[in-house]
Amino acid sequence: MSTLSKPSLNRIAGIMAVVLFGVVIILLLLLAAGILPVSMAWGGRRTVLTTGLRFASLGAAVVLACFAFVISRWANLVGQIPPSTLIKVTS
């Protein structure tokens, strides 16, 4: 009879954080592509999606992807390799 190991609280929190970061990253990419209306972001004050706002959305998506990577390494979601010193310092 096999027993399934219960995931740790850190792993569950890491999964939830990475999924939520992924949702926000997708929304930012859709916003940068012009698929979503710009009034959904930037406090609803902008009506025109300028080049600067596109780059800001892309930059925010990159920063969030870096955060998601750090969290996934910290929670051991990408493998059983222990987090590196850089990951430990950033978290």
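With respect to the chain, whose longest principal axis is taken over its alpha-carbon atoms, helix 9-32 is tilted by about 20°. Annotation for region 32-62: trypsin sites (Lys or Arg not before Pro) lying in DSSP loop with at most 12 further Cβ atoms inside 10 Å of their Cβ are 45. Using 0.36 nm per residue of separation minus the Cα-Cα distance, give me the extension gain between residue 16 and residue 56 in nm, one decimal. Extra length from residue 16 to residue 56 when fully extended: 11.9 nm. Of the options (i) 14, 34, 21, 13, 10, 6, 1; (ii) 16, 36, 24, 18, 5, 1, 0; (iii) 18, 50, 25, 7, 0, only one is P(r) over Cα pairs in 10 Å bins from 0, in percent as computed from these coordinates, and that is (ii).
Since every read-out is calculated from the coordinates, none of them should be taken as a lab result. Predicted model, so just to flag it, every value in this text is computed and none were measured. Every residue, glycine among them, receives a Cβ derived from its backbone with ideal geometry; neighbour counts consider all protein chains shown.
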